Amino acid sequence: DIRCAAWHWAVDEHEVALLAPGIHALFLFCDVSGSFSTGTTLFSRAAAELHLALPDHTANQAALQALYGNALIRLGACEVRLGDIANGEQHLQDGLLRRPADQERSFALIQLGSAAAHRGELALAGACFEESLAVSQRCNDMAGKAEALNHFALGASDFAEACRRCTESLALWRQVGRPDRIAGLLTDLAWNTWCAGDYASAAAYWREGLNLIEQLDLPNERAWVLDCIGVAAWADGRMAFAEQCVREALAVYTDLGHQMGIGMC
């Protein structure tokens, strides 16, 4: 579409001034729409082209190096979201070798922590999230702090701690004004609340989150909340409704190419 065409043109022309402020916006578009397969394609091509351009652009070498590193970090983030953990971690580590600015470093550490958590290495994940939180606090990045607190819930020692982290993150996202993140946090909070045994509160969070998700048309978040509601229904013995929810979630994840989501369903 027109976004992809514009991005490819800017990459081909090495338009650093256009690419630098647009690189995170493009990732956010992929994040909100769940289009991580598209993100992988776009950021992979950008990283390859920028890498080839480095030897020929001595005048703006520092800017190109930074942009190349940021493209690698976004590529790695998209790969981790799709379940390609090994390649995602490699690209994130390569991006960090370019000594990115604090906000970029905080973002990369979140993605590395998420990858470690998916592998079950919760201590490593916690260390990444803790460092990310410290970096975000140092540069006063409220969104970065909210993201780190959200991910801390993945490695929480119990559901009460997970709920506390989610609540802290949700409050920050409300201040930042990111309704997509608010919707996702409501689902995470509902899941941890349900696991802690507070079924009534979990149902209320799910209703609020799903309402927001439907308003914003967030396919990735919709699949996640349907998956969670399906598991809760299965535990309650409502098998037909559980299967209906999980099948709906599976269809969305399949359309998005989200391998981890497909596996969960």
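The values are calculated or read from the model by the stated rules, or taken from the named source; none is laboratory data. Just so you know, these numbers come straight off a predicted model, no measurement behind them. Glycine also receives a Cβ, built like all others from the backbone with ideal geometry; neighbour counts cover every protein chain displayed. In case anyone asks, the SASA skips ligands and DNA or RNA and just uses the protein heavy atoms, side chains included. Shrake-Rupley method; radii C 1.70, N 1.55, O 1.52, S 1.80 Å.
Tabulated data for the structure shown
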| read-out | value |
| --- | --- |
| Condition met for Gln175 (in a helix (DSSP H, G or I), within 26 Å of Ser201 (Cβ to Cβ) and either open to solvent by 70 Å² or more (accessible area, probe 1.4 Å) or not hydrophobic (A, V, I, L, M, F, W, C) (or both)) | yes |
| Test set (1) surrounded by 22 or more Cβ atoms within 10 Å (Cβ to Cβ); (2) farther than 21 Å from Gln90 by Cβ - Ser132 fails condition number | (2) |
| Count of segment 160-197 residues which are among the β-branched types (Val, Ile, Thr) and within 20 Å of Leu133 (Cβ to Cβ) | 3 |
| Leu210 being more than 18 Å from the chain's Cα centre (by Cα) and either touching a residue at least 24 places away in the same chain (Cβ under 8 Å) or under 30 Å from Asp255 (Cβ atoms) (or both) | yes |
| Odd one out for Asn220 among (1) without any contact (Cβ under 8 Å) to a residue 24 or more places away in the chain; (2) open to solvent by 20 Å² or more (accessible area, probe 1.4 Å); (3) under 25 Å from Cys163 (Cα atoms); (4) in contact with a Phe, Trp or Tyr (Cβ under 9 Å, 6 or more places away or on another chain) | (1) |
| Residue check, Gly88 among the small types (Gly, Ala, Ser) and assigned to a helix (DSSP H, G or I) | yes |
| Segment 247-265, subset closer than 14 Å to Val225 by Cα and open to solvent by less than 30 Å² (accessible area, probe 1.4 Å), residue modelled with the lowest pLDDT | Gly261 |
| Any hit, segment 86-99, residues being closer than 23 Å to Asp180 by Cβ, of a type in the set (A, V, I, L, M, F, W, C) and at pLDDT 90 or above | yes |
| Residue match in segment 27-37 (condition: within 23 Å of Gln103 (Cβ to Cβ), touching a His at 6+ places or on another chain (Cβ under 9 Å), touching a residue at least 40 places away in the same chain (Cβ under 8 Å) and not aliphatic (A, V, I, L, M)) | yes |
| Residue list for segment 1-16, restricted to those being surrounded by fewer than 12 Cβ atoms within 10 Å (Cβ to Cβ) and part of a helix (DSSP H, G or I) | Ile2, Ala5, Trp9 |
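Matching residues to (1) open to solvent by 20 Å² or more (accessible area, probe 1.4 Å); (2) touching a residue at least 40 places away in the same chain (Cβ under 8 Å); (3) under 26 Å from Leu19 (Cβ atoms):
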| residue | (1), (2), (3) |
| --- | --- |
| Ile73 | no, no, yes |
| Arg81 | yes, yes, yes |
| Arg98 | yes, no, yes |
| Ser114 | no, yes, yes |
| Glu121 | yes, no, no |
| Cys139 | yes, no, yes |
| Ala160 | yes, no, no |
| Cys163 | yes, no, no |
| Cys166 | no, no, no |
